[in-house]
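S.K.: Please read through the structure below; I'll follow up with questions.
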Amino acid sequence: MSVWECGLLVLIGLGGGLAVGSGLVAFIAVLDIIPRLTQLTNAHRHIRAFEWALVMGALFFTLIDFFHLGAHWPNVVTAVYGLFAGIFVGTLAAGLTEVLNVFPILAKRLSMDGSLLFLLMAVVFGKVTGSLLQWLLHL
Amino acid sequence: MKDALFLRLRKRLAVKPEAMIALGDICQLFWDGEREEALKRMPIYQVKPTDGNLIVIDIMQVIQRVRSVYPEVELEIQGSPQIIVEVLNPRKKANPVLVALVWVLLFIGSGLAIMNFHTDVSMREVHERIFYLITGERSEQPLWLQIPYSIGIGMGMILFFNHIFQKKINEEPSPLEVELFMYQQSLDQYYIQNENKENQRTKL
């Protein structure tokens, strides 16, 4: 590989990474997940730390994925990882505006103000059931 | 200046059908500490069955009424220029069957949506990959990872909405409550623009 080819590859890699990285941050920012989590934990002073957690996480998992840095830990460790991953995806799914926008309209149109929480639980249980079914039945 | 009557319109009022709306219902009043009591009962608007369930009362209507009785009074007007009156028709109770149907709809729909999402982002391959990276074993069905993951989705959503089945984690409103508020506010703004005949005029 010539120097030019190497240079081009580095440029493409850097550019692609830049685009994907900023896209990821923009996506998470749009869903207001971090403000929401800081609000819940009263951790407004540590918001910088959360930003870094996001960046480090993306970097860390990219590295172990690309360089095949595997470990030989017991299965239980994956359960801990799975729980955290699930909670994150849960906040992601809840933050999507489609979900948030449906409820006010449902409440008004069908005069269901009283049973909103009940309907919210339908969405939550639906997600859990859908996900479990998919994995257990190997769909 | 010394005897100005201070008026401050409320934002919203809910009344029964065919109620008589008095001045005290739609605004807070202060005059000299005594005369407001009588003024509070001054009728402003009689709700008619033809009014529908929303009425916008403009501050100008209130001024006209007050001035017709007390021509000399000096008015100090505070707050918003109109109030939305909601006529509570014998409350349509949400039909339990309908609620159940919507529940099932949302349940199935959100389950489908999460499965679509997983397929879309090849979640299974990612799970297999992560399982391999952590344990060093290959597994077609890494349930050790996937079952806690699925439960986590539910926990994350509850966390986001700030509800653990009724109990609130803290005082701040949840995103859903904020969203409901925003929707109501947009509706109110629409009513103020469109239900208030004084706001629009076409001069031909």
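S.K.: What does the charge dipole of segment B:96-195 about its Cα centre add up to, to the nearest 20 debye, if the Cβ of each Lys and Arg holds +1 and the Cβ of each Asp and Glu holds -1? Let's see the in-between values first.
M.R.: Details: 5 positive and 11 negative charges, 75 e Å.
That gives a dipole near 360 debye.
S.K.: From the helices alone, meaning DSSP H stretches of at least four residues, give me the mean residue ellipticity at 222 nm for chain A, per-run term -39500 (n - 2.57), in deg cm²/dmol to the nearest 500.
M.R.: -27500 deg cm²/dmol
S.K.: Turning to a different aspect of this structure: With θ set to phi - 60°, apply the Karplus curve 6.51 cos²θ - 1.76 cosθ + 1.60 along segment B:139-151 and write out the HN-Hα couplings as whole Hz, x wherever there is a Gly or Pro.
M.R.: Residue by residue, segment B:139-151 yields 9, 6, 9, x, 5, 4, 8, 7, 5, x, 4, 5, 5 Hz.
S.K.: Among residues other than residue A:28 whose Cβ falls under 12 Å from its Cβ, what is the net charge (Lys/Arg +1, Asp/Glu -1)?
M.R.: Net charge around residue A:28: -1.
S.K.: In the structure shown, do any of B:40/B:93; B:16/B:40; B:48/B:203; A:127/B:93 have a Cα-Cα gap over 24 Å, and if so which? Let's see the in-between values first.
M.R.: On the way: B:40/B:93 33 Å; B:16/B:40 18 Å; B:48/B:203 29 Å; A:127/B:93 28 Å.
Exceeds cut-off: B:40/B:93; B:48/B:203; A:127/B:93.
S.K.: Please give me, ordered by residue number, the GluC sites (Glu not before Pro) of segment B:1-54 that lie in loop per DSSP and have at most 15 other Cβ atoms within 10 Å. Don't skip to the end; give the middle numbers.
M.R.: Details: sites: B:18, B:34, B:36, B:37; in loops: B:18, B:34.
When the GluC sites (Glu not before Pro) of segment B:1-54 are filtered for loop state and at most 15 Cβ neighbours within 10 Å, B:18, B:34 remain.
S.K.: Moving on. Can you grab the distance from the C-alpha centre of segment B:16-59 to the C-alpha centre of segment B:93-143, Å, no decimals?
M.R.: 53
S.K.: Something else now. Please go through segment B:74-115 and write out the GluC sites (Glu not before Pro) that DSSP classes as loop and that have at most 14 other C-beta atoms within 10 Å. List each step's numbers first, then the result.
M.R.: Details: sites: B:74, B:76, B:86; in loops: B:74.
Those satisfying the criteria are B:74.
S.K.: Which chymotrypsin sites (Phe, Trp or Tyr not before Pro) from segment A:47-113 combine a DSSP loop assignment with at most 13 other Cβ atoms within 10 Å?
M.R.: On the way: sites: A:50, A:52, A:60, A:61, A:66, A:67, A:81, A:84, A:88; in loops: A:67.
Passing sites in segment A:47-113 are A:67.
Where a number appears in this text, it was derived from the coordinates with a stated rule and is not lab data. What you see is a predicted model, and the numbers here were worked out from it, not measured in a lab. Ideal geometry is used to build each Cβ from the backbone, glycine not excepted, and the neighbour counts take in all protein chains shown.
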